[in-house]
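The next block holds one structure in the form of structure tokens; read it before the comments.
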Amino acid sequence: MSNLPKYYDPETLARIQPLALRARMLVEGVMAGLHHSSLRGQSIEFAQHREYVAGDDLRQVDWKVFAKSDRFYVKQYEDETNLICFPLVDISESMDFRGDNAPLTKLEYAQLIACAIAFVVTSQQDSSGLITFDHRVRTWLPPSSGTDIMDDLVRVFETTVAEGPTDLNNSLLEVLQGLRRSSLLVLVTDGLSGDEQWIEALKMVRLAGHDLIVIQVLDQDEITFPFDMRTRFVGLEGTPTVETDPALIAAAYRRAMAEELQRLERACSQAGADYFRATTNQSLAVFLPNLLATRLVRGKRR
């Protein structure tokens, strides 16, 4: 394991093609050795029975039910019936940004996170789907517990183009209307829509009975604003293009960005959502295990 993390450095991953190979190299290594159900709490509360299928743990067969029905049924517990996971990946135009020193765009980094989350969920025999959105839902893959969900995610991502404006409020409302049962939603976005309304949608997600993780993916240049020469800043998602001396706006920009980051983190806290931030130059071998470990600890405290 000591030599594995180098394969999950963003710069190395950026050189791996196609996306299917990149995703599989990531999830097979970073998740190796994680034996706990890190995206859910542990519960021993009995929930229901389901029919036995090949590969089920024989220790979970309810022999009393078998004696009465002559059919094999497996006991399911609360945590085994509750987890359906949907990574929600922002595919708006701003997600296509990549700074000069970044190996991956924000969207490429977000896609790898979604693949890793789906891998973890299905490896613990739960179900993962996928939702992509910009100003509305673009793709909705139904949840599956099979290994084919990884192929489905890659197929979607390989044809995804980041374009259009973001409307998180409208997209989250559309998602809530389409969900039939409580789910774990993993929202992966840069969170830079500039729209106050979608913060209320975060609260509605929790009020509707869903668990919510918000992962904010940013380019390091968006935070540090390292520009020192006259620069032409190309507007995205309808914002104007501006040419200016960065020295004139650097302090105001950094202050505004810090406020924006604090606003999102505070909104997640108020909505009861778990908030994580990642930059596209950050090793996924560090970020993902930290996220899973944090979720495991928080789950035990709930």
Count, please, the residues in region 210-240 that happen to be closer than 23 Å to Asp167 by Cα and either modelled with pLDDT of 90 or more or among the aromatic types (Phe, Trp, Tyr) (or both). 13
For Glu51, all conditions in the list (1) modelled with pLDDT of 60 or more; (2) within 29 Å of Phe157 (Cβ to Cβ); (3) touching a Lys or Arg at 6+ places or on another chain (Cβ under 9 Å) hold save one; what is the number of the exception? (2)
Within region 200-210, track down each residue that is touching a residue at least 60 places away in the same chain (Cβ under 8 Å) and buried (at least 19 other Cβ atoms within 10 Å of the Cβ). Leu202, Val205
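Going through Arg277, Arg206 one at a time, which residue ends up being assigned to a helix (DSSP H, G or I) and either under 26 Å from the mean Cα position of the chain (by Cα) or in the same structural domain as Asn170 (by TED's automatic domain parsing) (or both)?
Of Arg277, Arg206, the one residue that is assigned to a helix (DSSP H, G or I) and either under 26 Å from the mean Cα position of the chain (by Cα) or in the same structural domain as Asn170 (by TED's automatic domain parsing) (or both) is Arg206.
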Condition test on Asp190, is it more than 17 Å from Ala273 (Cα to Cα), in contact with a helix residue (DSSP H, G or I) (Cβ under 8 Å, 6 or more places away or on another chain), surrounded by 18 or more Cβ atoms within 10 Å (Cβ to Cβ) and not polar (S, T, N, Q)? no
Here the residues within region 140-155 that are assigned to a strand (DSSP E or B) and in contact with a helix residue (DSSP H, G or I) (Cβ under 9 Å, 6 or more places away or on another chain) are Trp140, Leu141, Pro143, Ser144
I'd like the full set of residues that are assigned to a helix (DSSP H, G or I) and surrounded by fewer than 16 Cβ atoms within 10 Å (Cβ to Cβ), limited to region 156-173. Glu158
Filter region 259-297 for residues that are of a type in the set (S, T, N, Q) and without any contact (Cβ under 8 Å) to a residue 24 or more places away in the chain and give the result. Gln262, Ser269, Asn290, Thr294
What do you reckon, is Ala273 in contact with a strand residue (DSSP E or B) (Cβ under 6 Å, 6 or more places away or on another chain) and over 24 Å from Asp100 (Cα atoms)? yes
Please identify the pairs in which a residue from region 11-25 that is surrounded by fewer than 12 Cβ atoms within 10 Å (Cβ to Cβ) has its Cβ atom under 9 Å from the Cβ atom of a residue that is among the aliphatic types (A, V, I, L, M) and not in a loop (DSSP other than H, G, I, E, B), counting only partners at least 6 apart or on another chain. Pro18/Val154
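In a loop (DSSP other than H, G, I, E, B), in the same structural domain as Pro10 (by TED's automatic domain parsing), within 23 Å of Phe133 (Cα to Cα) and not charged (D, E, K, R): does that describe Leu288?
So Leu288 does not fit the description; no.
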Condition check: in a helix (DSSP H, G or I), more than 28 Å from Phe86 (Cβ to Cβ) and out of contact with any helix residue (DSSP H, G or I) (no Cβ under 9 Å at 6 or more places or on another chain). Does Glu259 satisfy that? yes
Hey, Ile249 hits all of (1) more than 28 Å from Ala116 (Cα to Cα); (2) part of a strand (DSSP E or B); (3) of a type in the set (Val, Ile, Thr) but one; which does it fall short on? (2)
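The values are calculated or read from the model by the stated rules, or taken from the named source; none is laboratory data. The model shown is predicted, which means the values in this text are computed figures rather than measured ones. Please note: Cβ atoms are built from the backbone with ideal geometry, for glycine as well, and neighbour counts cover all protein chains shown.
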